[in-house]
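The values are calculated or read from the model by the stated rules, or taken from the named source; none is laboratory data. Note that this is a predicted model, so its numbers are computed, not measured. No Cβ is skipped: glycine too gets one built from the backbone with ideal geometry, and neighbour counts run over all protein chains shown. Surface accessibility is based on the protein's heavy atoms, side chains included, excluding ligands, DNA and RNA. Shrake-Rupley method; radii C 1.70, N 1.55, O 1.52, S 1.80 Å.
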Amino acid sequence: MRALQQKTPIYSIVFVSPRYWPNAEETQKVVSEIAKTLTDDLYKQNPEIVVKNITISSENELEAFLGQHPEGFGLFIPISGAVQPWMIKAAENFDGIGILAAYEPGFLEEKTAYRLLEANAAPAVADVYSVIKRKGLPIVLSNELEEIVVLHKAIQAVMRMKKTSMILVGKTEDWVISSCRSFDRIRDKTGIECTNIELQELYKMYESVSNEEAQPVYEKWLKDCQEIVEPDSDDVIAASRLAVAIQELVQRYNADGIAIACFTLLKELGTTSCLALSMLNDSENYIGACEGDLDSAVTLLMMKALTNTPSWMANPMIEKGNVLKLSHCSAPLIMAGKSCSYKLRSHHESGIGVSPQVSLPEGLAVTITRVGDDLSSISVNTGITVDTIYTPTCRTQLRIRLDSMTDFIENLLGCHQIVTYGNHLKQVSHVAKLLGLKILN
């Protein structure tokens, strides 16, 4: 639990040789400038990022640092030549490396940047990058800090995934034919531990939840609701009771996510898990997938581990003009960093229970992903959300003008698609490489 919020630190390490920087006062001034500029820039991108600034100017300082057994991401900033052996040795301790070419004016003031050039920082950068890359360690070389942060986010996401666990409640619904059924395969490929729970255990928990215990969830859903269309108050309280039970079940198993056989459940309980899954996906620490679809659950975990934002699981429909329409009866209420308006509806297919009809933001970039093909591949598509024309299908609906409909169709890995606001193509591509997934885009 809380694995989706664990932070992988960035060790920002300035490598400097006294051979090129004999004046200690000058060295300290430049190192301080680098540390301040870098830390300020990183905090602007993510105020919660963990940065540890280190300087290595001798073999003894290197050994002392390595003796602390640092783990995480190494951001290397060589400001002179003759530091290559230190950098290669330090790299062995990290899950990924970013090399910042700080000798290019922009990150630093021109005078400082050119001092790095004078001290042979440029050949040190090229030398070390080529050797580390040949060793197979994930690495990025750039003069843009943002490019390096992309790799850090990907490595952090993979580390988070490897610490997560997920429960499958019931069985994957029979019609979900494109989803992996092997817990061993999921663990071996992603590190996610899966456990199967009988639906009867959830049913017992549901029966034990009183209307009073469910009242806060009930009131939450009614508070900002624009309209209640089909359900009555009894329907909303029943769905709220199930939301409480599902949350308790997730916590009982110390899980980070859940995939649930929701169609089987709604027939037997007479209510729906749509509100529960919406709340899980809105949260910082959990995800919830419909229909027992483990591939979608894995993708939801991956995208939350990567972006720290909610994603939406939905069915695709192809329209003319490169437009993809998506719909499903469970959607988060927080998308693109803001609360969305919603109505409370019945479940589309069954006409029972409660499902949110969420008005998702239009005119924004999105990334559409799905892990699939027995967890050997991942499809990644991007586009812009456009006006939503409501049609008689699942309650929440969204239309997206894709960058390429041809690529989307050619690389389709299954029915359910995962929608995340923002263009995360670069980050997802790094995650795919780290997990050994073939990238389809």
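Would you call residue 352 over 21 Å from residue 272 (Cα atoms) and crowded, with 17+ Cβ neighbours inside 10 Å?
Considered against the rule, which asks whether it is over 21 Å from residue 272 (Cα atoms) and crowded, with 17+ Cβ neighbours inside 10 Å, residue 352 comes out as no.
Suppose we filter 60, 53 for residues that are within 32 Å of the chain's Cα centre (by Cα) and open to solvent by 60 Å² or more (accessible area, probe 1.4 Å); which single one remains?
It is 53.
Counting only residues that are in contact (Cβ under 8 Å) with a residue 60 or more places away in the chain and part of a helix (DSSP H, G or I), which one in region 223-238 is most open to solvent (accessible area, probe 1.4 Å)?
The residue in question is 235.
For region 262-279, check the following and say yes or no: at least one residue is of a type in the set (Val, Ile, Thr), open to solvent by 10 Å² or more (accessible area, probe 1.4 Å), closer than 29 Å to residue 183 by Cβ and under 15 Å from the mean Cα position of the chain (by Cα).
First, the residues of region 262-279 that are of a type in the set (Val, Ile, Thr): 264, 271-272.
From what's left, open to solvent by 10 Å² or more (accessible area, probe 1.4 Å): 264.
From what is left, the residues that are closer than 29 Å to residue 183 by Cβ are 264.
Next, from what is left, pick out any that are under 15 Å from the mean Cα position of the chain (by Cα): none.
Looking through region 262-279, none of the residues is of a type in the set (Val, Ile, Thr), open to solvent by 10 Å² or more (accessible area, probe 1.4 Å), closer than 29 Å to residue 183 by Cβ and under 15 Å from the mean Cα position of the chain (by Cα).
Quick check on region 282-290. Is at least one of its residues buried (at least 21 other Cβ atoms within 10 Å of the Cβ), in a helix (DSSP H, G or I) and at pLDDT 95 or above?
So far as region 282-290 goes, no, none of its residues is buried (at least 21 other Cβ atoms within 10 Å of the Cβ), in a helix (DSSP H, G or I) and at pLDDT 95 or above.
Please specify each residue of region 392-415 satisfying the condition of being touching a Gly at 6+ places or on another chain (Cβ under 6 Å) and basic (Lys, Arg).
Matches in region 392-415: 401 only.
What do you reckon, is residue 371 open to solvent by less than 10 Å² (accessible area, probe 1.4 Å), in a strand (DSSP E or B) and modelled with pLDDT of 95 or more? It would help to see each step written out before you state the result.
Values: open to solvent by less than 10 Å² (accessible area, probe 1.4 Å): yes; in a strand (DSSP E or B): yes; modelled with pLDDT of 95 or more: yes.
For residue 371, the condition - open to solvent by less than 10 Å² (accessible area, probe 1.4 Å), in a strand (DSSP E or B) and modelled with pLDDT of 95 or more - is met.
So which residues in region 1-50 are within 27 Å of the chain's Cα centre (by Cα), hydrophobic (A, V, I, L, M, F, W, C) and either surrounded by fewer than 12 Cβ atoms within 10 Å (Cβ to Cβ) or not in a loop (DSSP other than H, G, I, E, B) (or both), if there are any at all?
Residues satisfying the conditions are 3, 4, 10, 13, 38, 42.
Tell me, please, whether a residue that is of a type in the set (Ser, Thr, Tyr) and open to solvent by less than 10 Å² (accessible area, probe 1.4 Å) can be found in region 66-81. Spell out how you get there, then give the answer.
Applying the first criterion (of a type in the set (Ser, Thr, Tyr)) to region 66-81 yields 80.
Remaining after also requiring open to solvent by less than 10 Å² (accessible area, probe 1.4 Å): 80.
Yes, some residue in region 66-81 is of a type in the set (Ser, Thr, Tyr) and open to solvent by less than 10 Å² (accessible area, probe 1.4 Å).
Answer with yes or no whether residue 190 is under 18 Å from residue 2 (Cα atoms), out of contact with any Lys or Arg (no Cβ under 6 Å at 6 or more places or on another chain), open to solvent by less than 40 Å² (accessible area, probe 1.4 Å) and hydroxyl-bearing (Ser, Thr, Tyr).
Considered against the rule, which asks whether it is under 18 Å from residue 2 (Cα atoms), out of contact with any Lys or Arg (no Cβ under 6 Å at 6 or more places or on another chain), open to solvent by less than 40 Å² (accessible area, probe 1.4 Å) and hydroxyl-bearing (Ser, Thr, Tyr), residue 190 comes out as yes.
Here is a list of conditions, (1) open to solvent by 30 Å² or more (accessible area, probe 1.4 Å); (2) at pLDDT below 95; (3) more than 15 Å from the chain's Cα centre (by Cα), and residue 337 meets all of them except one; can you say which number that is?
(3) is the only condition that residue 337 fails.
Between residues in region 4-16 that are more than 20 Å from residue 76 (Cβ to Cβ) and residues that are buried (at least 24 other Cβ atoms within 10 Å of the Cβ) and hydrophobic (A, V, I, L, M, F, W, C), which pairs lie under 6 Å by C-beta distance while being six or more apart or on different chains?
4/305
If you go through region 296-323, how many residues are farther than 18 Å from residue 371 by Cα, open to solvent by 10 Å² or more (accessible area, probe 1.4 Å) and touching a strand residue (DSSP E or B) at 6+ places or on another chain (Cβ under 6 Å)?
Number of matching residues: 3.
Would you confirm whether or not region 324-332 contains a residue that is surrounded by fewer than 17 Cβ atoms within 10 Å (Cβ to Cβ) and among the polar types (S, T, N, Q)?
Looking through region 324-332, none of the residues is surrounded by fewer than 17 Cβ atoms within 10 Å (Cβ to Cβ) and among the polar types (S, T, N, Q).
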